Amino acid sequence: MAYIEFDKTKLINLEFMLDREIVRANRGGAFACQTIIGCNTHRQHGLFVAPQNQLDNHKHLLLSTIQETVTENNHDFNLGIQRYKDGNYYPKGHKYVRYFSTDPHPLLVYRVGGVMLQKEMIMNSKAQQLLVKYTLIEANSDVKLQIKPFLAFRNKHHLTKKNEYVNTNFKNIENGAQFQMYQVYTPLKIQFSKETQYIHNPDWYFDVEYYKDIQHGFDGLEDLFVPGSFHLEIEKGESIVMSVSIEDINTSNLVEQFDLEVNSRIPRTSFINNLRNSSQQFIQKNGDDVEILAGYPWFNRLGRDTFMSIPGLLLVNGEYKTAWQIFHTMLKEMKNGLFPAIGKNQNANYDSADTSLWFIWALQQYVLFTKENDDVWENYGEAIKSIFANYKKGINGIKVDENGLVFTYLHNKALSWMSSSINGAPVNPRYGYAVEINALWFNALGFALDMAYEFGDKDFISEWNSTFVNLRAEFKKIFWNKEKGYLCDTFFQGEKDWRVRPNMLLAASLPHSPLSSKIRHLILEKTKCELLTPRGIRTLTPNDKEYRGFYTGNALEREKAYHNGSVFPWLSAHYVEAYLNIHGVSGLSVAKKIYKDMEVLVKEQGIGTISEVFDGDPPHSSGGAMSYAVNVAEIQRMYFLIQKFEEKSKEL
């Protein structure tokens, strides 16, 4: 019995299948992301999405989907499913699905007549190649398999329409065919582990509908190009592997190659193993550069998310070298003490006050895991000092005030992680002193001084030590109110924002906290009473008039809800960290329950992973990207913290 599996009693419900998505990816940047039934509901869904570096820095959707037809006793059974304009589904192959599981890769079983066909899918970990394996489990007579590819050849964020520029030709290659809709693209090669017949019959399929895009207020109709179809005979007990690739491949060992890829994966036999398996899919390599993709299917690299994800994705799993490579990659784009919040190179945007502070936190975590203090200070000490120097003199709306706290203001820009915007204006500007930015600042300065003392950097100590000594009192003066019993969220132009948000948690959870244990305890109590849910922590208390309990509707409605009530699982790791630091081993039962409550997340929208955001109101349905790096990372770090304190309990 697989850890995640659905039988026909669940799979008979089309809505159930359309609400659950899978992703398979490799470190070269290629991925496949669809609903578990293979019906695409977003424009970014596709069976083969890969970089096209000769064009740009974006991923391009080459193969949208495939439709298989099984022929037995001259009867055709189309296993595919596609939604067209006005909600019409054709074909309706979902009615043949009998079983689905993900251990360690997506697997579907179809039953048609006397035929039982198993379909499995995995990405090649070392090449830009998708492998799909078909196994005929049962058959009472001869069976033929037809496979029809639906091509797009476009940026994953765009849509394609029928046009006169398409190259409708094909090229015969070993056990398959090669297609190149436009000359600027790398040819797509579809090949099989046995001889196949390709019948060329180019045609367009009009008005394929991505209904979730339409629900979100976007255009959701696309035309897809079908060049022809592949035809194979398959015998009972036989396995045939289809390769989809932009590289030259050897078809003679595709079955063996598929099995090797499966055996190299982390088995998805438990909650934590699903998270570890999912972690691998966010790491992207491009030459010497190594990056973290923020999420699937539409995110690219985000600076803040990169540093927030390093400990949970990599350090807890012992991937210290990869973490080091990511630090080096990001350092190439550091300018004036800042890292890109979004984009890279000429498209980089540096509007963030906390990304650089998360960089220091990630280095701090690296030191905690590896004890390589000297390497960190030797390689990154200058970068750390550059951050403090630039914050002190003022850069891009960020300035260290006379009281030692960080003050931020950039007109019509949100410089914190709560950066959602409408028509170019931030939903939550959070100008002035922001509580989590200053908590990160206090922690960063504490860590930097620890390192400076260890390695005798007298100049840095002389410049910053007195600021740090006074910072604790200044922090409390600005943010704390004894009568209210919690921290204000921001302080700007004489006004304190007392809306209850989770940002104050960082002042209680970070290694260097400006708060006493008593105040940290009160923050946890306030969070528990108004923000904590089984899916994570709300971004705003339900008691506030601006609270929005559901992350639904068009782009405008979702932006308003994103940081005004929606739930983020990653915040729970900081709650658990603060709780364990205060209560020690006696807090393990609470921490374990929070972790256990998260387990259901890998069986909801993103199968085997954790989605981006959840509704603030019960039943806390998922939304946003189906797989989100920071959530996956921080729940793993939460597990690590629990294990760490369990080891301490055994020593008592």
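The values are calculated or read from the model by the stated rules, or taken from the named source; none is laboratory data. Just so we're clear, the structure is a prediction, and the values are computed from it rather than from any experiment. Every residue, glycine among them, receives a Cβ derived from its backbone with ideal geometry; neighbour counts consider all protein chains shown. SASA here: full protein model, heavy atoms, side chains in, ligands and nucleic acids out. Shrake-Rupley method; radii C 1.70, N 1.55, O 1.52, S 1.80 Å.
Which residue out of Ile461, Ile523 is more than 27 Å from the chain's Cα centre (by Cα), among the hydrophobic types (A, V, I, L, M, F, W, C) and open to solvent by 10 Å² or more (accessible area, probe 1.4 Å)?
Exactly one residue qualifies, and that residue is Ile461.
For the condition among the aliphatic types (A, V, I, L, M) and not in a helix (DSSP H, G or I), what is the one hit in Ala362, Ala353, Ala389, Ala383?
Only one candidate qualifies: Ala353.
For region 94-114, how many residues are more than 25 Å from Asp223 (Cβ to Cβ) and open to solvent by 20 Å² or more (accessible area, probe 1.4 Å)?
Summing the residues that are more than 25 Å from Asp223 (Cβ to Cβ) and open to solvent by 20 Å² or more (accessible area, probe 1.4 Å) in region 94-114 gives 8.
Can you pull out the residues in region 198-234 that are within 30 Å of the chain's Cα centre (by Cα), of a type in the set (Val, Ile, Thr) and open to solvent by 20 Å² or more (accessible area, probe 1.4 Å)?
Ile214
Which of the following residues is among the hydroxyl-bearing types (Ser, Thr, Tyr) and under 24 Å from Glu599 (Cα atoms): Thr539, Thr490?
Answer to the selection: Thr539.
Take the residues of region 150-176 that are surrounded by 20 or more Cβ atoms within 10 Å (Cβ to Cβ) and among the aliphatic types (A, V, I, L, M): which is nearest to the chain's Cα centre (by Cα)?
Among those residues, the one meeting the criterion is Ala152.
Conditions: (1) open to solvent by 10 Å² or more (accessible area, probe 1.4 Å); (2) under 18 Å from Gly295 (Cα atoms); (3) without any contact (Cβ under 8 Å) to a residue 40 or more places away in the chain. Ser611 meets all but one. Number of the miss?
Ser611 satisfies all of (1) open to solvent by 10 Å² or more (accessible area, probe 1.4 Å); (2) under 18 Å from Gly295 (Cα atoms); (3) without any contact (Cβ under 8 Å) to a residue 40 or more places away in the chain except (1).
Out of the residues in region 278-316 that are surrounded by 19 or more Cβ atoms within 10 Å (Cβ to Cβ) and of a type in the set (S, T, N, Q), state the one that is farthest from Ala625 (Cα to Cα).
The extreme case among them is Gln284.
hydroxyl-bearing (Ser, Thr, Tyr), at pLDDT 95 or above and under 26 Å from Asn201 (Cα atoms): is that true of Thr71 in this structure?
yes
Looking only at region 406-429, filter to residues that are closer than 25 Å to Phe468 by Cα and out of contact with any Asp or Glu (no Cβ under 7 Å at 6 or more places or on another chain); which one of those is most open to solvent (accessible area, probe 1.4 Å)?
Per the criteria, the residue is Tyr409.
Might you let me know whether region 487-508 holds any residue that is among the small types (Gly, Ala, Ser), open to solvent by less than 40 Å² (accessible area, probe 1.4 Å) and either without any contact (Cβ under 8 Å) to a residue 12 or more places away in the chain or under 23 Å from Ala353 (Cα atoms) (or both)?
yes
So which of Ala591, Ala573 ends up being in contact (Cβ under 8 Å) with a residue 60 or more places away in the chain and either open to solvent by 10 Å² or more (accessible area, probe 1.4 Å) or assigned to a helix (DSSP H, G or I) (or both)?
Ala573
Residues that are without any contact (Cβ under 8 Å) to a residue 40 or more places away in the chain, at least 3 per element: which strands (runs of 3 or more DSSP E) completely within region 191-310 meet that?
197-209
Condition check ((1) closer than 26 Å to Asp76 by Cα; (2) of a type outside the set (Val, Ile, Thr)) across all residues:
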| position | (1), (2) |
| --- | --- |
| Gln191 | yes, yes |
| Lys194 | yes, yes |
| Tyr210 | no, yes |
| Ile214 | no, no |
| Val226 | yes, no |
| Lys236 | yes, yes |
| Ile240 | yes, no |
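How many residues, within region 317-349, are in a loop (DSSP other than H, G, I, E, B) and open to solvent by 10 Å² or more (accessible area, probe 1.4 Å)?
10
Tell me the residue from Pro51, Pro91 that is open to solvent by less than 50 Å² (accessible area, probe 1.4 Å), over 15 Å from Phe150 (Cα atoms) and in contact with a strand residue (DSSP E or B) (Cβ under 9 Å, 6 or more places away or on another chain), please.
Exactly one of Pro51, Pro91 is open to solvent by less than 50 Å² (accessible area, probe 1.4 Å), over 15 Å from Phe150 (Cα atoms) and in contact with a strand residue (DSSP E or B) (Cβ under 9 Å, 6 or more places away or on another chain), namely Pro51.
Residues Glu402, Glu382: which one is over 23 Å from Ile478 (Cα atoms), of a type outside the set (A, V, I, L, M, F, W, C) and at pLDDT 95 or above?
When all the criteria are applied, what remains is Glu382.
In the set Lys528, Lys518, Lys545, which member is open to solvent by 10 Å² or more (accessible area, probe 1.4 Å) and either part of a loop (DSSP other than H, G, I, E, B) or touching a His at 6+ places or on another chain (Cβ under 6 Å) (or both)?
Checking each option against the conditions leaves just Lys545.
Do we find that Gln44 is assigned to a loop (DSSP other than H, G, I, E, B), surrounded by fewer than 24 Cβ atoms within 10 Å (Cβ to Cβ) and within 21 Å of the chain's Cα centre (by Cα) in this structure?
yes
Tell me which residues, restricted to region 428-463, are of a type in the set (S, T, N, Q) and under 29 Å from Leu410 (Cα atoms).
Asn428, Asn438, Asn443
Could you tell me whether any residue of region 115-134 is open to solvent by less than 20 Å² (accessible area, probe 1.4 Å) and free of Cβ contacts under 8 Å to residues at least 40 places away in the same chain?
Within region 115-134, none of the residues are open to solvent by less than 20 Å² (accessible area, probe 1.4 Å) and free of Cβ contacts under 8 Å to residues at least 40 places away in the same chain.
Please work out which residue is farthest from Tyr198 (Cα to Cα), limiting yourself to region 247-277 and to residues that are open to solvent by 30 Å² or more (accessible area, probe 1.4 Å) and among the β-branched types (Val, Ile, Thr).
Thr269
Please identify the pairs in which a residue from region 64-92 that is more than 23 Å from Gln118 (Cβ to Cβ) has its Cβ atom under 6 Å from the Cβ atom of a residue that is of a type in the set (Phe, Trp, Tyr) and open to solvent by 20 Å² or more (accessible area, probe 1.4 Å), counting only partners at least 6 apart or on another chain.
Arg83/Tyr89
Which residues, taken from region 1-36, are of a type in the set (A, V, I, L, M, F, W, C) and either open to solvent by 10 Å² or more (accessible area, probe 1.4 Å) or in a strand (DSSP E or B) (or both)?
Those that are of a type in the set (A, V, I, L, M, F, W, C) and either open to solvent by 10 Å² or more (accessible area, probe 1.4 Å) or in a strand (DSSP E or B) (or both): Met1, Ala2, Phe6, Ile12, Leu14, Phe16, Ile22, Val23, Ala25, Phe31, Ala32, Cys33.
Looking for whichever is touching a residue at least 60 places away in the same chain (Cβ under 8 Å) and either basic (Lys, Arg) or within 30 Å of Ile137 (Cβ to Cβ) (or both) here; the options are Ala50, Ala25. Which one fits?
Ala25
Would you confirm, using the coordinates I've provided, whether Leu145 is crowded, with 21+ Cβ neighbours inside 10 Å, in contact (Cβ under 8 Å) with a residue 12 or more places away in the chain and not hydroxyl-bearing (Ser, Thr, Tyr)?
Criteria met by Leu145.
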